[in-house]
Amino acid sequence: MPVLDREPDRKLMRFSCSSVGQALPKLPVPALGDTLDLYLRTLRPLLTEEQYQETLKIVTTFGAPGGLGELLQRRLLERSENRANWVYDYWLNDMYLANRMALPINSSPVMVFPPQHFRAPIDSLRFAAHLISGMLEYKSLLDTRSLPLDYARGQLAGTPLCMEQYYRLFTSYRLPGPQRDTLVAQQSSVMPEPEHIIVACRNQFFVMDVVINFRRLNERDLLTQLDRISKMADSEEERLPPIGLLTSDGRTEWAESRRVLMKESTNRDALDMIERCLCLVCLDQSSGLDLTDTSRAKLMLHGGGGAKNGGNRWYDKPMQFVIGSDGCCGVVCEHSAFEGIVLVQCTEYLLKYMRGSPSKLVRAASVSELPAPRRLRWKCTPEIHKHLSSSEDKLNRQVRNLDMDVHKFHEYGKEFIKKQKMSPDAYIQVALQLAYYKCHGRLVSTYESASIRRFQEGRVENIRSATAEALGFVRAMADLKSKKMERLRAAINAQTKYTVLAITGKAIDNHLLGLREIAQDLKLEKPEIFKDTAFLISNQFILSTSQVPTTVDMFCCYGPVVPDGYGACYNPQSDHVLFCVSSFRDSPQTCSEEFVQILERGLLEMRDLCVRHNADTNGNPSGKADERPSGNYKEETLERPVQSQAYFNIVQILVSLMMLLCNHSTK
Ligand code: COA
């Protein structure tokens, strides 16, 4: 398996973009002065005046004419001339491969399907066969390069997007390393060739060929094979230790256990089969839990730990389809190869495929000519057993520590926000800032992922949502006399402006990373600007947020990225917004349920503010949007009732009546 170097990527790039005559532009390197100015502006709401003044000196020295900043900028420009994307390797390394954290919860996002109602165990296998069949269809679109080109939606809609990430869905593997992981890739072929998936069942791993004698297995054959696997997994005498648990450990620990495993040829063969598979299909045992949105999200993120399905996974592989016999289903994704949006596109294709071509299968074949699936064998030394028990302990601790709350905010959605002539994404981001401020009385460094697929090999940039204007707004909401609506608009405009900067490659995170890394490549001492406490504070993303919209009934979620932080993934729909908020129980700073409740209250206050403002501008003297208190801050208790729906309805009726009267009198 070759290391994912530039060559295969370029080949795909040429196909996905140039073949339709739309070669994408290269990611620009922003001007040094612009980045340093914006960097200082983003620090303002996060630092004390004293800290800020200190940092201002450091940044000014760095950016001074003839200074270190200019030298690094020149080198970065040279680098950008020689590569399709100057930040890609730096970013991949920094964001994923050098990160030593365990993948479940900390790194791997998941898609959660609606609960399935399987009446008998065979129903879950039938679902799995249908899904695999859809996956093979999708893969043939990839193999024949027939996937339609994506175009940007929302802000600056219409430009074509880089398709490269799709080609890694079923071909890549994240190999653990002692200091750094490696993303490896397999070349795929147009001709059907021997291909296999790995089926995990009761912590056992089975090789299931999906192309035999140059023929893709049909759904009935797939069901037959899955049925055989399920029976093989039932046999207790043959059961082997849950080696998959090792992949849930920290990356350095897993690299070490893998090194030990590799000493045995049996293990080497098993690892090789897993590393070369298309994807995993995890047939989970019933969790015994009530399948709420929140419990399904948790089960998808960690499998329920060693006692449930935590060992029925192989976290290095980008795509793991989970099918629980209790109907808890979804996808676990290793994130280094592609973004959540690509995962959503692929998964939506599969769910639509399943809906569009209902399975007519009755039963698996009782006799089959197909070669039997093979169980992967492991030779486990006492050392491996020790690693296993340590990995299991850590996973179980993570399971207990995850505080997750999936909440459907159903009072309004995108359409109401659009009617206010505001960007729904910016509005939700401002609401998240308001919620954090209400909980903690301050703003914190916030990450919002922005796609830069408009550029060759583009992945993501960061929208730093804790803007000075957002701080102005959240403070105004606590103040009786301040101009709340004006502040809200200013906050949304600032957020929207930052979004446009980010998606056009002019934001700061990638640029600062590039400058830092190129200094290291040049073997220079780490520049002061990157040693500064302000830089550390600005890179501690206490709020890690992302919009992952879906068009079918499913949702995405992930964990926080720092110990005292929140992961906040949201899925805006026309009449509601789904929020998936995660945090860690052992942090005294966070509580997902409280955050969600306060977020909900803030969203209602923002709506009331807009409605009252609309009433004001339509001439309703009782409006006075800016002169009403908008809830208490920090010290407010959760018992305080939210603004009532009845109040909102009355205001809306009043507005409609006023408008009717106005129209009538002008006729
Ligand atoms: N008035 C009325 N409507 C507006 C508006 C305004 N002022 N501003 C925006 N809208 C509309 C848009 O036209 C769009 O309409 P559509 O639903 O018909 O397409 C809709 O509101 C949504 O736009 P907006 O809320 O501004 O967001 P966006 O779709 O441009 O998304 C990002 C913004 C940053 C989320 C997006 O650019 C992005 O990068 N997405 C990828 C995120 C990602 O990578 N997630 C996965 C991480 S693993």
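Can you tell me which of Ala98, Ala128, Ala120 is buried (at least 21 other Cβ atoms within 10 Å of the Cβ) and away from the ligand (no atom under 16 Å from the Cβ)?
Details: Ala98 fails: buried (at least 21 other Cβ atoms within 10 Å of the Cβ); Ala120 fails: buried (at least 21 other Cβ atoms within 10 Å of the Cβ).
It is Ala128.
Anything in region 61-90 that is closer than 23 Å to Val184 by Cβ, surrounded by fewer than 21 Cβ atoms within 10 Å (Cβ to Cβ) and hydrophobic (A, V, I, L, M, F, W, C)? List them, or say none.
Once the filter is applied, which keeps residues that are closer than 23 Å to Val184 by Cβ, surrounded by fewer than 21 Cβ atoms within 10 Å (Cβ to Cβ) and hydrophobic (A, V, I, L, M, F, W, C), region 61-90 yields only Ala84.
Is it the case that some residue within region 159-172 is acidic (Asp, Glu) and away from the ligand (no atom under 16 Å from the Cβ)? Please lay out each step first, then the result.
Just the residues of region 159-172 that are acidic (Asp, Glu), to begin with: 164.
Okay, now just the ones that are also away from the ligand (no atom under 16 Å from the Cβ), so none.
No, that holds for no residue.
Give region 196-243 a look and list any residue that's among the small types (Gly, Ala, Ser) and touching a strand residue (DSSP E or B) at 6+ places or on another chain (Cβ under 8 Å), or say none. Full working, then the answer.
Narrowing region 196-243 to residues among the small types (Gly, Ala, Ser): 200, 230, 233, 235.
Residues satisfying the conditions are Ala200, Ser230, Ala233.
Tell me, yes or no, whether region 376-383 has at least one residue that is over 20 Å from Cys580 (Cα atoms), in contact (Cβ under 8 Å) with a residue 40 or more places away in the chain, away from the ligand (no atom under 16 Å from the Cβ) and part of a helix (DSSP H, G or I). Reasoning before the result, please.
Of the residues in region 376-383, the ones over 20 Å from Cys580 (Cα atoms) are 376-383.
Add one more test, that the residue is in contact (Cβ under 8 Å) with a residue 40 or more places away in the chain, and what stays is 376-381, 383.
Those left that are additionally away from the ligand (no atom under 16 Å from the Cβ): 376-381, 383.
From the residues that got through so far, the ones that are part of a helix (DSSP H, G or I) too are 383.
Among the residues of region 376-383, at least one is over 20 Å from Cys580 (Cα atoms), in contact (Cβ under 8 Å) with a residue 40 or more places away in the chain, away from the ligand (no atom under 16 Å from the Cβ) and part of a helix (DSSP H, G or I), which makes the answer yes.
Anything in region 481-496 that is more than 24 Å from Leu24 (Cβ to Cβ) and assigned to a helix (DSSP H, G or I)? List them, or say none.
Listed by number, the residues that qualify are Lys484, Met485, Glu486, Arg487, Leu488, Arg489, Ala490, Ala491, Ile492, Asn493, Ala494, Gln495.
Looking at Lys419 and the list (1) touching a helix residue (DSSP H, G or I) at 6+ places or on another chain (Cβ under 8 Å); (2) of a type outside the set (Asp, Glu); (3) within 30 Å of Ala466 (Cβ to Cβ), which single condition is not satisfied?
Condition (1) is where Lys419 drops out.
Among the numbered criteria (1) under 22 Å from Leu32 (Cα atoms); (2) assigned to a helix (DSSP H, G or I); (3) away from the ligand (no atom under 16 Å from the Cβ), which one does Thr499 miss?
Only one criterion in (1) under 22 Å from Leu32 (Cα atoms); (2) assigned to a helix (DSSP H, G or I); (3) away from the ligand (no atom under 16 Å from the Cβ) is unmet by Thr499, namely (3).
This table checks each residue for (1) hydroxyl-bearing (Ser, Thr, Tyr); (2) within 16 Å of the ligand (Cβ to nearest atom); (3) surrounded by 21 or more Cβ atoms within 10 Å (Cβ to Cβ); (4) not in a helix (DSSP H, G or I).
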| position | (1), (2), (3), (4) |
| --- | --- |
| Val406 | no, no, yes, yes |
| Ile417 | no, yes, yes, no |
| Leu443 | no, no, yes, yes |
| Ala466 | no, yes, yes, yes |
| Leu471 | no, no, no, no |
| Asp479 | no, no, no, yes |
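Exactly one condition in (1) within 22 Å of Ala507 (Cβ to Cβ); (2) in contact (Cβ under 8 Å) with a residue 40 or more places away in the chain; (3) among the polar types (S, T, N, Q) is false for Thr60; which is it?
(2)
Can you confirm whether region 389-401 contains a residue that is under 30 Å from Arg612 (Cβ atoms), aliphatic (A, V, I, L, M) and more than 9 Å from the ligand (Cβ to nearest atom)? Reasoning before the result, please.
Quick first cut of region 389-401, residues under 30 Å from Arg612 (Cβ atoms) only: none.
The answer is no; no qualifying residue exists.
Which of the residues spanning region 445-464 are part of a loop (DSSP other than H, G, I, E, B) and either away from the ligand (no atom under 13 Å from the Cβ) or not aliphatic (A, V, I, L, M) (or both)? Working first, answer last.
To start, the set of residues in region 445-464 that are part of a loop (DSSP other than H, G, I, E, B) comprises 445, 452-459, 464.
Within region 445-464, Ser445, Arg453, Arg454, Phe455, Gln456, Glu457, Gly458, Arg459, Arg464 qualify.
Check whether at least one residue in region 269-282 is within 28 Å of Ser592 (Cβ to Cβ), crowded, with 17+ Cβ neighbours inside 10 Å and touching a strand residue (DSSP E or B) at 6+ places or on another chain (Cβ under 7 Å), and report yes or no.
Kept after step one, since they are within 28 Å of Ser592 (Cβ to Cβ), are these residues of region 269-282: 282.
Subsequent filtering for residues that are crowded, with 17+ Cβ neighbours inside 10 Å retains 282.
Subsequent filtering for residues that are touching a strand residue (DSSP E or B) at 6+ places or on another chain (Cβ under 7 Å) retains 282.
Checking region 269-282: at least one residue is within 28 Å of Ser592 (Cβ to Cβ), crowded, with 17+ Cβ neighbours inside 10 Å and touching a strand residue (DSSP E or B) at 6+ places or on another chain (Cβ under 7 Å).
Mind checking which pairs have a first residue in region 488-515 that is under 30 Å from Leu609 (Cα atoms) and hydroxyl-bearing (Ser, Thr, Tyr) and a second that is assigned to a helix (DSSP H, G or I) and modelled with pLDDT of 95 or more, Cβ under 9 Å, 6 or more apart or different chains?
Thr496/Asp425; Thr496/Ala426; Tyr498/Leu38; Tyr498/Thr42; Tyr498/Ala426; Thr499/Asp425; Thr499/Ala426; Thr499/Gln429
Going by the structure shown, is Lys506 farther than 26 Å from Asn106 by Cα, part of a loop (DSSP other than H, G, I, E, B), in contact with a Lys or Arg (Cβ under 9 Å, 6 or more places away or on another chain) and modelled with pLDDT of 95 or more?
On the way: farther than 26 Å from Asn106 by Cα: yes; part of a loop (DSSP other than H, G, I, E, B): yes; in contact with a Lys or Arg (Cβ under 9 Å, 6 or more places away or on another chain): no; modelled with pLDDT of 95 or more: yes.
Spelling it out, it is not the case that Lys506 is farther than 26 Å from Asn106 by Cα, part of a loop (DSSP other than H, G, I, E, B), in contact with a Lys or Arg (Cβ under 9 Å, 6 or more places away or on another chain) and modelled with pLDDT of 95 or more.
Which of the residues belonging to region 502-526 are more than 28 Å from the chain's Cα centre (by Cα) and either crowded, with 18+ Cβ neighbours inside 10 Å or within 16 Å of the ligand (Cβ to nearest atom) (or both)?
First pass over region 502-526, keeping only residues more than 28 Å from the chain's Cα centre (by Cα): 519-526.
Across region 502-526, the qualifying residue is only Ala519.
If you take the residues of region 3-60 that are aromatic (Phe, Trp, Tyr) and surrounded by fewer than 21 Cβ atoms within 10 Å (Cβ to Cβ), which of them is modelled with the lowest pLDDT?
Pass one, region 3-60, residues aromatic (Phe, Trp, Tyr): 15, 39, 52.
Narrowing the set further to residues that are surrounded by fewer than 21 Cβ atoms within 10 Å (Cβ to Cβ) leaves 15, 52.
Working: Phe15: 34, Tyr52: 97.
Going through the qualifying residues, I end up with Phe15.
Filter region 527-560 for residues that are under 30 Å from Glu54 (Cβ atoms) and crowded, with 19+ Cβ neighbours inside 10 Å and give the result. Break it down into steps so the answer makes sense when it comes.
So the first thing to find is which residues in region 527-560 are under 30 Å from Glu54 (Cβ atoms), and the list is 527-545, 560.
Listed by number, the residues that qualify are Pro527, Ile529, Asp532, Ala534, Phe535, Ser538, Phe541, Ile542, Leu543, Ser544, Thr545, Pro560.
Can you report the number of residues in region 563-579 which are crowded, with 19+ Cβ neighbours inside 10 Å and more than 22 Å from Lys418 (Cα to Cα)? Full working, then the answer.
Keep residues of region 563-579 that are crowded, with 19+ Cβ neighbours inside 10 Å, which gives 565-572, 577-579.
Checking the rest, the ones that are also more than 22 Å from Lys418 (Cα to Cα) come to 565-567.
So the answer is 3.
Between Cys346, Cys328, which is within 25 Å of the chain's Cα centre (by Cα) and within 16 Å of the ligand (Cβ to nearest atom)? Steps first, answer last, please.
Details: Cys328 fails: within 16 Å of the ligand (Cβ to nearest atom).
The conditions single out Cys346.
Across region 149-158, what is the total count of residues that are within 7 Å of the ligand (Cβ to nearest atom) and exposed (fewer than 15 other Cβ atoms within 10 Å of the Cβ)?
Number of matching residues: 3.
The values are calculated or read from the model by the stated rules, or taken from the named source; none is laboratory data. None of these values were measured; they are calculated from a predicted model. Here the Cβ is made from the backbone with ideal geometry for all residues, glycine too, and neighbour counts use every protein chain on show.
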